[in-house]
Amino acid sequence: MISLLCSNYNSEEWIDGYLKYLNSQFLYEFEVIFVDANSTDTSLQTIKNFQLRKGIQKKVIECKDRVGIYEAWNMAIKESRYDYVMNYNTDDKLFPAALSNLAAYLKTYPDIDVFYSNCFITDDKDHNNIINFYNWWDANQMSNLMQGCCCGPFPLLKKQSVVDAGLFDPSFTISGDYEMWCRMNAKGYKFKKIDEPVGAYYHNPAGMSTANNPERHAEHVRQDTLIRDTYRRFV
């Protein structure tokens, strides 16, 4: 019932571990859709050559131009076969029981549109050193969303709800997920927080939202401020 969405661009440093984490999932059947944003390293070939275990369907979309992460997610959502979708970045880690636990939640709470979980934070690309723990706020309260993006790195989304909400807005190159959660909250969609962590988030020093880059940080602040100004009236 779950389609994983993976935007890939020059991820050769992480992709071997990522593919192994996929194969270690207890959930027998799911699909993963890779959207390669015109990579120039070996990561795309590694993805194409890697043999995923039986039960995991793989689809690879190759872009001729560099596309942003939210545009890539939208492309993958449109190609997904299942009722629920989840973005899963190449430098993060899902624990083996992650998808099976999430599948149990979506069966138990069929009225929920967005499931999100607490998660560990690591500063180690191999995920061996845990430095922090994200305990998210209740995203059903717009006042909480005004404090920041609080649905974590592994949100599980009801596909039709995301489509009906208008898909991700690629004009927000850094904060498109934050804008989506605010938009879905404003439209009355339902969120459910899962207390137990399903994975670990790598605080990537070169990441889109975490890089120590003054210009990128300023753009991140600009986008977040615009989103808050747009949705504050729904508090």
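Scanning the range 136-155 for residues that are among the aliphatic types (A, V, I, L, M) and assigned to a helix (DSSP H, G or I) gives M142, L145.
Looking for something farther than 26 Å from N23 by Cβ and either of a type outside the set (A, V, I, L, M) or at pLDDT 95 or above (or both) - is there at least one such residue anywhere in the range 115-123? Within the range 115-123 (the criterion being farther than 26 Å from N23 by Cβ and either of a type outside the set (A, V, I, L, M) or at pLDDT 95 or above (or both)), the answer is no, since none of the residues qualifies. Of the set (1) touching a helix residue (DSSP H, G or I) at 6+ places or on another chain (Cβ under 6 Å); (2) surrounded by 22 or more Cβ atoms within 10 Å (Cβ to Cβ), all apply to D138 but (2). Hey, could you check the range 49-69 for residues that are more than 27 Å from L27 (Cβ to Cβ) and loosely packed, with under 14 Cβ neighbours inside 10 Å and say which is nearest to the chain's Cα centre (by Cα)? Result: R66.
Tallying residues that are closer than 17 Å to G199 by Cα and not in a loop (DSSP other than H, G, I, E, B) within the range 97-113 yields 8. Of all residues in the range 78-92, those that are of a type in the set (S, T, N, Q) have Cβ atoms under 6 Å from Cβ atoms of residues that are not in a strand (DSSP E or B), 6 or more apart or on another chain, in N87/W73; T90/S11; T90/W14; T90/I15; T90/Y18. In summary, K54 fulfils each of the numbered conditions (1) assigned to a helix (DSSP H, G or I); (2) over 19 Å from S7 (Cα atoms); (3) free of Cβ contacts under 8 Å to residues at least 24 places away in the same chain with the single exception of condition (1). Selection of the range 25-44 for residues being more than 17 Å from D91 (Cα to Cα) and not in a loop (DSSP other than H, G, I, E, B) yields F30, E31.
The values are calculated or read from the model by the stated rules, or taken from the named source; none is laboratory data. Owing to the predicted nature of the structure, the values given are computational and were not obtained by experimental measurement. Neighbour counts run over all protein chains shown; Cβ positions are idealised from the backbone, glycine included.
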